[in-house]
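The values are calculated or read from the model by the stated rules, or taken from the named source; none is laboratory data. Nothing here was measured: the structure is a model prediction, and the numbers come from that model. Here Cβ is always computed from backbone atoms with ideal geometry, including for glycine, and neighbour counts include all displayed protein chains. Side chains included, ligands, DNA and RNA excluded: accessible areas come from the protein's heavy atoms. Shrake-Rupley method; radii C 1.70, N 1.55, O 1.52, S 1.80 Å.
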Amino acid sequence: MSSIGGVPFYILEFGDELVYFTPYTITLFLLALVFTVLVILSRPERQVDIAFGGDAYTTKQILKDEMRFRRFMSIACGLASMGAMVTGDIFNFTLFTAMVGITNVGIVAAVKSPHVQNAAYQYGLVALSATVPLFGAAAVYAASTGSLSMIELARGTLPAVPIIAKALLVIGVVGEGMAPFYAAKAEMFRAPGAPYVIMCSLSSLLIFLRVVEVVMLG
Amino acid sequence: MIAELVLATLFGLLLLGIHRKVIARIQRRPGPPVWQEILHAAKFSFKTTWVPATASRALFIGIVLVAIGIWTAAFFVMMTGGSLLVIFGIYMLHKIVEHAFGLSSGSPYGKFGGVRSVISAASEIPLFVSVAAIALFTRSLTLSDIIAWQQVHGPLLIIAFPAAIAMYLVLLSKMPFGPFSIVEAKELVSGYKTEHFGVWRAGLEVCNGLKTTVLLATFLLLFVGQLPIWWMVIGMVIITVSLSFTCAITPMLSPFDSVTIQSLFTGLMLVYAGIVFLGVAA
């Protein structure tokens, strides 16, 4: 662990569950925290659309109910991202990742635009399918090493993690929020409500950055 | 550390000025003076500053502070020989910063700059493949360990040449006026930064200066090893000039072509990493 994300500053144990802070995980955690605070403080922007072939332009307004729901989903997404950044347990990591996928769908599904809703629906199907390899990976980790603790895996005393477990974990994470399943959905990223849309892309990226560390353990 | 931070920012801005000058001279234009980017940062600091009426106010302002904060953290990690993953994690998060810059204003130009930033995330994947290749050789991702490994085994520039090429491509994708600079293409005015003026733009300039220094210095530390300070400076200028030549003679690609070429490089890097992995395992 010290040769991947740096020497852990602090390990917090809850029975056999644990949370640890290395320079890497704390950086990612703080970013998730900062953006969650920005979501709480920000009101959505009013997107300007230029009418094609003329000088006219319009601005899009987000209704209060829609704003409240998307803000709630964004905060939930931020909390799930923070959990995924600092957890030291493979199963908890997969659980937080699945929660990020669900909240991402919620953030964009509330937008009253058929294009955005279609994109959210398609993404939802991919995210649901991706939970199979995601939780399957956790099961293979447990079956092959006898532990789900990242600290134990990092010590190198357990049997080696099979490549298939790491591959399933990466496939699951990619399906939950990474390119090409998600980033290519420009309709979702250009939906109005910047603070909430940013949380979609941020959480996906944070989860990807964390899984890079996780697959290097064990 | 504050003095080093200020010097690194000014030096990064100077490198960006050299970049503009070299491109201009290759294209037979006089070009701006090399310290133009430093003057820009100073000038914007005293310009009238406002927040557009359509903007998401907290995000519009907050993202400037986040941009400076993440690159300050990356600089600190680089100086202390910390984890390479932190530096590259921050590099990837810069995409989110660009996305937030673009979307927060409500402007269509900024919005499309931000969207292009997210869809061009393919450019970051070769970076992680090159990181994986480095980890396979050195068995560590800590910058100080990688530097120590090179002192014993020689520079990674020779041992892991394809990984160096991949990271060079990543540097190229972050240089202004380059073939992959689709996020600030002229058809989008200034792309994601169109609506950030005054002090906000000065903050963005500071972030760009720091980012340039961190990325070029990290490249040298990773693939050449620890050098005396003046050799580091000369090395960074040489890399900047080589990037400027590439930018000057290469037209800007369309978003589709840009992502396609970066994805092709990713595929090649995955093959290379697979070969290295099999070689190490054998």
(message) Under the rule a/c < 1.5 gives rounded, and otherwise a/b versus b/c splits prolate from oblate, where does region B:108-232 land using the Cα gyration tensor?
(response) prolate
(request) Divide by every residue of chain B the summed helix terms, -39500 (n - 2.57) for each DSSP H run of at least 4, and state the resulting mean residue ellipticity at 222 nm, rounded to the nearest 500 deg cm²/dmol. (result) -24500 deg cm²/dmol
(message) What does the net charge come to around A:TYR24 if you take all other residues with beta carbon closer than 10 Å to its beta carbon, with K and R at +1 and D and E at -1?
(response) 0
(message) For region A:10-216, what does the relative contact order come out to in percent, with C-alpha contacts under 8 Å and a separation of six or more?
(response) 25 percent
(request) Note down the net charge around B:ILE63, summing +1 for each Lys or Arg and -1 for each Asp or Glu among other residues with Cβ under 13 Å from its Cβ. (result) +1
(message) Per-residue Cβ counts within 10 Å, from other chains only, averaged over B:89-97: what number is that?
(response) 5
(request) Note down the magnitude of the dipole of chain A about its Cα centre, charges +1 on Lys and Arg C-beta and -1 on Asp and Glu C-beta and zero elsewhere, to the nearest 20 debye. (result) 500 debye
(message) Can you tally the net charge around A:ALA110? Count Lys and Arg as +1, Asp and Glu as -1, for every other residue whose Cβ sits under 13 Å from the Cβ of A:ALA110.
(response) +3
(message) Based on the alpha-carbon set only, what is the convex hull volume of chain A divided per residue, in Å³?
(response) 123 Å³
(request) Report, in degrees rounded to the nearest 10, the 0 to 90 angle that the Cα long axis of helix B:108-119 makes with the longest principal axis of chain B. (result) 10 degrees
(message) Treating only the Cβ of Lys, Arg, Asp and Glu as charged (+1, +1, -1, -1), what charge dipole size does chain B show about its Cα centre? Round to the nearest 20 debye.
(response) 620 debye
(request) For a quick protection proxy, order the peptides B:231-240, A:161-170, B:28-37 by their average other-Cβ count within 10 Å, most packed first. (result) A:161-170, B:231-240, B:28-37
(message) Keeping every protein chain present and rolling a 1.4 Å probe, give me the accessible area per residue for chain A in Å².
(response) 42 Å²
(request) Go through B:LEU65, B:LEU143 and list them by solvent-accessible area, largest first, probe radius 1.4 Å. (result) B:LEU65, B:LEU143
(request) For region B:2-281, build the charge dipole from Cβ charges (+1 Lys, Arg; -1 Asp, Glu) around the Cα centre, then report which of B:VAL129, B:PRO108, B:SER56 sits farthest towards its positive end. (result) B:PRO108
(request) Name the longest site-free stretch of chain A, where the excluded sites are chymotrypsin sites (Phe, Trp or Tyr not before Pro) in a DSSP loop with no more than 11 other beta-carbon atoms within 10 Å. (result) A:53-218
(request) State the answer as a single residue: which of A:VAL214, B:TRP230, A:THR97 lies farthest towards the positive end of the charge dipole of the protein assembly as shown, with beta carbon charges of +1 for Lys and Arg and -1 for Asp and Glu, about the Cα centre. (result) B:TRP230
(request) Quick one: pull the percent of accessible area on region A:112-176 belonging to carbon and sulfur, 1.4 Å probe, ligands and nucleic acids left out. (result) 69 percent
(message) Quick check: from the Cα gyration tensor, does the protein assembly as shown come out rounded (a/c under 1.5), prolate or oblate?
(response) oblate
(request) Keeping all protein chains in place, calculate the accessible area per residue for region B:2-281 (probe 1.4 angstrom), answer in Å². (result) 39 Å²
(request) Would you kindly calculate the translational diffusion coefficient of region B:15-88, applying Stokes-Einstein with the Kirkwood radius from alpha carbon pairs, for 37 °C and a viscosity of 0.692 mPa s, and quote it in µm² s⁻¹ without decimals? (result) 211 µm²/s
(message) At 222 nm, what value in deg cm²/dmol follows for chain A if DSSP H runs of at least 4 each add -39500 (n - 2.57) and the sum is divided by all its residues, to the nearest 500?
(response) -22000 deg cm²/dmol
(request) Let me know the charge dipole size of region B:123-282 about its Cα centre in debye, to the nearest 20, where only the beta-carbon of Lys, Arg (+1) and Asp, Glu (-1) is charged. (result) 160 debye
(request) Anything over 31 Å Cα to Cα? Flag those among A:LYS112/B:LYS174; A:LYS60/B:LYS193; A:LYS64/B:LYS43; A:LYS64/B:LYS174; B:LYS43/B:LYS186; B:LYS47/B:LYS211, in the order listed. (result) A:LYS112/B:LYS174; A:LYS64/B:LYS43; A:LYS64/B:LYS174
(message) Taking a ≥ b ≥ c as the square roots of the Cα gyration tensor eigenvalues, with a/c under 1.5 meaning rounded and otherwise prolate when a/b beats b/c, else oblate, which class fits region B:1-135?
(response) rounded
(request) Round to the nearest 10 and give me the degree value, 0 to 90, for the angle of helix B:199-223's Cα axis relative to the longest principal axis of chain B. (result) 10 degrees
